[in-house]
Each structure stands twice: as structure tokens, then as C-alpha cells.
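Below is one structure, written out as C-alpha cells; comments come after it.
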Amino acid sequence: MKKTITPILPLASALLIALTQFSAKAQALTAFEIAERSLTQSETVGFEGQKQLSVSRLNSGPQTATANIRYVNRRNYSIEITSPSSIGGILFHMSNGINSAFFPDEKLFLFEGGKDTSDMPESIILGQITDNLNLLKQNYNATPVTEEQVFIAMNPAWVLDFIPKNGFTPRRKYWVDKDTYQVLKEERYWGSDQAPYSSAMYTTFKKQEKPVSISKLNPPDGVTKVNLSGKEKNAFLSYSSIAAAEKQEKIKIAYPGYLPQGFELKYIQVFTLFGARIQVMNFTDGLNDLLVTVRPQQNAFVTLLAGAFSLNLIKKISDLSYQAPNNYFSRGAGKNICVAFGDLSPSELEKVANSLPL
């Protein structure tokens, strides 16, 4: 009887390929694991790039903005808005955890901003996925991770797709750089059969082999400087609880009686600017933020700011807000007005605003 001898080399090669494929499948990361790694590993590699953000709204064309970004970590970065012209030139700057902002047209320099004062530029422009992984898991399902080449930035990326368990927040997709764990691209959808209403992506992205240097921002001469540390008459301070805010600020915090399911308090801020006192409450479901502000009624607010500075500042802040992918609902009562805004359905924002004691 003739024996058949199987060549060892091809057999070993086939076995190695099979084991490699099995190992790759066994070691595949989930979307939640990649989101968790992005919290820490994105802090280790600096980069420079230009980002484009687009938002589509009803009855208007897409609103597009661009920004130049230089990044070391969450405590050190620089964001310069380059377009549209209505907000071009505005700088958001973080150096050693101290925040500042410069409005060149108004010649206004805000500095010594503390913890969380740059939260909105970070979440919208830089594109952080989450800072509360447990809430993210609680409120969102994630599809299996895929891989894709982000061709404009020329970086391989994981594609994460988070689908809300409720019906009042959008679906979010992220393209996460496999080397730096930075978010290279993001899209938001109100329905699986609809085109994204909001997108953000780097058109250039260059990883820095050596640390990017972010020095302290020094404004030019002849500008109005506003210290937000609380050491002077203006302040922008954050608190982790109602009790802490009320004790320090000596005011009653107007807290909503209704919150959408899955949302928890992130922080409370009290913003004192040119005599106007503004309360800001930030809630999160792990992916989307819900903000509630309480301030003086429009006429009093405009009078305070315009009397101390310029009406252009109010318009500039409005133009900045319009570039963010948020819905808004406002309600006035007595001397105050509240605005609930965020990437939630308008009906939920209305419930929150109407539950607020003014």
C-alpha cells in the first residue's frame, strides 16, 4: 500500500495562517474598549491639523466652519477658528489646564478660566467621545467595530457606531485613529435611513514626533482683559453639586424638575460677566450633553453687556452657537429666561425648560 506524505512546510504555513486569523478575531476590540482607550491614550501623542465642521438646519443651507488645531493633551491645546468670517480669528487656548479665549474684533481677552470652562469647544471642536464610559454603555448600543481608511487625513481608523436606546438623542459614528486614538471624523444622524445632519473631520492631520509646544497666550496691547478666576468682579467657576454652588455663590440654583432618561449632572457653573449672572448646568448621558442656562431677561442682559462693552459680543456668541449641532428651547418668566439646548429632540428640551423654577 502506497503511503501519502503531506509536506510539512505548507501544512505549517496553513496552520500559522489559521492561528493568526483566530488570534485577530479573538483580540478584536469593541467600540466601548476603543472609547475607553481614547480617554487615556489620546493624551500621549500631540498633533496639528485643520478641521471642518458642518451642520444642516431646516430651511437653510449647511453651516460650515473650519479651525486650526494644535494639540498636546486636554490641558494644553490651541484652537483658532478660521471661517466663516463672522467668527474667524476667535482663539480658544488651554495652557497647563488654564483656559483663555480671545475675540479679536471686539478686542476682548478672557483669561484664567478654570475647570470645565472650555468644555464646549472640547466636545464640539476636538470631538471627545466620552468622559463617562458607564453612562455610554447604559444609554447606547454599539455595532461591531469596522476599519476604514480616512483618505483625506491618510490615517487608518476604527469606525465606531453608537445607537441610542431611547428615541430623543442622535446616532453617532466616530472614525478613531488607530495610532493616536484621536477622533478623525464624526457624523450624527437622526435616523438610520437619513443623511448625517452634522459632520466634522480633519482635512489635514499630522502627528508630532516631538511634543507640540503650547505657550501661554499673550493678547496684543489695547484689549479689554477679563479675569474669570473669581479674584476680580468677573468669574466663571464650576461646581460638582448644587450644594457646593449655592454655598460658594450665595444664590439659589434653579434646577430642572425633569431630565430625560439616562442623563446625569456633570457640573454646575456660575458665570458672572459685566454684572450679568448666568447659571449653567451641564448634564450628560455619556455621549450627548444637555445644557440649561438661566440668565436675566433679554433686555436686562443686553443692557448690562452693551453698557460695559459691545453689542457685537452678543452677536458673536450667537454666531458661535449657531455652528454647534444643537437644538434650542427658551422660556421666560419674571426677570429671568432659561434656555435648554443640546443634541436632543426639541420636545425633550421643552420639557426640561418648562420644569425649571424661575
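The values are calculated or read from the model by the stated rules, or taken from the named source; none is laboratory data. It should be emphasised that the depicted structure is a prediction, and the values quoted were computed from it without experimental measurement. As a convention, Cβ positions derive from the backbone with ideal geometry for all residues, glycine included, and neighbour counts pool all protein chains shown. In case anyone asks, the SASA skips ligands and DNA or RNA and just uses the protein heavy atoms, side chains included. Shrake-Rupley method; radii C 1.70, N 1.55, O 1.52, S 1.80 Å.
Expressed as a whole percentage, what fraction of the accessible surface of the chain belongs to carbon and sulfur atoms when a 1.4 Å probe is rolled over the protein heavy atoms? It is 54 percent, rounded to a whole number.
Here, the stretch 146-300 has an Rg and a Dmax of 20.6, 53 Å when only alpha carbons are counted.
Think of the chain as a dipole: +1 on every Lys or Arg Cβ, -1 on every Asp or Glu Cβ, centred on the Cα centre; then among Tyr322, Ile98, Ile242, Ile242 lies furthest on the positive end.
Angle of helix 31-41 to the longest C-alpha principal axis of the chain, folded into 0 to 90 degrees and rounded to 10: 70°. Taking Cβ atoms as reference points and 11 Å as the exclusive limit, the residues near Phe102 contribute a net charge of -1, counting Lys and Arg as +1 and Asp and Glu as -1.
Take the chain, connect every pair of alpha-carbon atoms lying under 10 Å apart with a spring to form a Gaussian network, then pick out the residue of Leu39, Leu58, Leu237 with the largest mean-square fluctuation. Among Leu39, Leu58, Leu237, the largest GNM mean-square fluctuation belongs to Leu58. Amide H to amide H distances under 5 Å link Thr82 with Thr66, Ala67, Asn68, Gly89, where only residues 5 or more positions off or on other chains count and H is placed in the peptide plane. Search the structure for amide H atoms under 5 Å from the amide H of Gln182, placed 1.01 Å from N in the peptide plane, and list their residues when 5 or more places away or on another chain. It is Asp177, by chain and number. Shape class of the chain from the alpha-carbon gyration tensor: prolate, with a/c at 1.5 or above and a/b greater than b/c.
Summing +1 for each Lys or Arg and -1 for each Asp or Glu among the other residues whose beta-carbon sits under 15 angstrom from that of Pro219 gives -2.
By the rule of a C-alpha distance below 20 Å, with chain neighbours fewer than 8 residues away ignored, the lysines paired with Lys137 are Lys165, Lys173, Lys266. Please find, in a Gaussian network model of the chain (springs between Cα atoms separated by less than 10 Å), the residue of Gly167, Gly275, Gly334 whose mean-square fluctuation is greatest. Residue with maximal mean-square fluctuation among Gly167, Gly275, Gly334: Gly334. Remark: the chain carries a charge dipole of roughly 240 debye about the Cα centre, counting +1 on each Lys and Arg Cβ and -1 on each Asp and Glu Cβ.
In the chain, the DSSP beta bridges split such that about 95 percent are antiparallel, to the nearest 5. Packing here is the average count of other Cβ atoms within 10 Å per residue, and on that basis the peptides 78-91, 341-354, 280-293, 241-254, highest first, run 280-293, 341-354, 78-91, 241-254.
Annotation: per residue accessible area for the chain equals 51 Å², rounded to a whole number [probe 1.4 Å, protein chains only].
Spatially, the stretch 250-271 and the stretch 176-241 are offset by 23 Å when compared through their Cα centroids. Summing charges over all other residues whose Cβ lies under 14 Å from the Cβ of Ala243, with Lys and Arg as +1 and Asp and Glu as -1, gives +1.
Residue-wise HN-Hα couplings along the stretch 95-101, as the Karplus relation 6.51 cos²θ - 1.76 cosθ + 1.60 with θ = phi - 60° gives them from phi, are 10, 6, x, 9, 9, 8, 9 Hz; Gly and Pro carry x.
Can you give the helix-only mean residue ellipticity at 222 nm for the chain, where every DSSP H stretch with n ≥ 4 adds -39500 (n - 2.57) and the sum goes over all residues, rounded to the nearest 500 deg cm²/dmol?
-6500 deg cm²/dmol
Between the C-alpha center of the stretch 126-174 and that of the stretch 73-119 there is a gap of 26 Å.
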